1. In whole angstrom, how far apart do the alpha carbon centroids of segment 281-320 and segment 143-180 sit?
2. If packing is taken as the average number of other Cβ atoms within 10 Å across a peptide's residues, how do 281-289, 255-263, 85-93 rank, most packed first?
3. Could you sort the peptides 316-328, 149-161 by per-residue average Cβ neighbour count (10 Å cutoff), highest mean leading?
4. Among 305-314, 332-341, 66-75, how do they line up by average Cβ neighbours within 10 Å per residue, starting with the highest?
5. Could you calculate, for segment 184-232, the ratio of the Cα radius of gyration to the Kirkwood radius, expressed as Rg to Rh?
6. Can you give me the distance in nm between label points at residue 308 and residue 273, each placed 7 Å from the Cα along the Cα-to-Cβ direction?
7. Consider a paramagnetic label point 7 Å from the Cα of residue 192 along Cα→Cβ; state which residues of segment 122-148 have an amide N under 19 Å from it.
8. Let me make sure I get this right: for segment 296-379, a, b and c are the square roots of the gyration tensor eigenvalues over alpha carbons, sorted descending. Under 1.5 in a/c it's rounded, otherwise prolate if a/b > b/c, else oblate. Which is it?
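Just so you know, all these numbers are worked out from the coordinates, no wet-lab data involved. Not measured: the values here are computed from a predicted model. Cβ atoms come from the backbone with ideal geometry, glycine included; neighbour counts cover every protein chain shown.
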Ligand SMILES: [Zn+2]
Ligand SMILES: [Zn+2]
């Protein structure tokens, strides 16, 4: 059992995709360190993304049949249309029925548990029924209901009761829960899981609303220590994974509302932004659908003409989305330690392959775009540049590793820790590691342009001189 948490991005583009270089939204997280995966969103093509993972040294490919839970952020097609294929793939084909009078196959254990907003149960059930899908193992769907909502279809609908045949619960589906939000509008503790072995903690998942065009959910995953915490205890880790949003601030109180086990911990303000917290967010995954790319990065206007930072931000918000600066600002709001942006607009192709030739205009542009987006996020996070912050733009198959905190919360003030250096000459796809002690990472830029990047590090570091980010 590993003590690391790993997050693998399987699809990183927006609804304008899939594109040549990115699939639409999906990521998987190994939170328990035991190889079981929790998936967040499942765009069309997600199963194929598992197959498309590159082989690379030191990296264990994630597999479809490791997934045990799926968390859907919202019902838009670029986040949901891979679910049927995924279920068909993971649940197995039933044995042929030789004796029609034989009892149904044993589906006593649930292979996959699905959480999502209103509509997820009806969508899956309808797709399952109209495509005559059958499986040997079972799934279950829980709907998270906003205030005043009723489930899209009852958890139990039997045939022969006058119900539409597409609404009938099939033999592969177990009866799920209708989870109504509490008075504050949140869905606390939708998952409460004990982790065995040496890990010494459990996991809980809270969910809450975020602002998008349509109902949308953000998820907060917390480690729960098995032993009582003291002021000297290492900090448990906390992840925040968002769906599409132009304003995730409704989720912030839930992120900051720590369970009772955090009571002994002192409050601290890790970034000096007047955001005192007991447990910072180890990783924030936030969308950045659009961005203004300045002329010194994109001289020929390949990412769009007649666009200004203001017009791009306005347009993004009007469509329910964010810019990198907005993602950075939310990272500050919730006292995050690391920001990884996904749901990147289709106009921004990902750097792929061995990018050794920076004189290639396309290579140069793609590198420049992701570095600029990361820089803008860092600027939104820490506008005066007084503190180092850690921002990244995800590409498909990007892997983030979050190591356990080893320092007690009363360890040296976070901003004064010695920054570690990341290897910027990583082989693709990027595999970055955060050892959360120290709690941020600095990017060491090459001293000379002759020192080529084989891959864009896609990291922004506010201490990096602006011209160093844009000169390559
Ligand atoms: Zn989307
Ligand atoms: Zn959406």
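1. One Cα centre to the other: 40 Å.
2. 281-289, 85-93, 255-263
3. Going by the mean number of other Cβ atoms within 10 Å, highest first, we get 316-328, 149-161.
4. 332-341, 66-75, 305-314
5. On the way: Rg = 14.2 Å, Rh = 12.6 Å.
Reported Rg/Rh, Kirkwood definition of Rh: 1.13.
6. Label-label distance for residue 308 and residue 273, simple model: 2.6 nm.
7. Backbone N within reach: 142-145.
8. Since a/c reaches 1.5 but b/c is at least a/b, the shape of segment 296-379 is classed as oblate.
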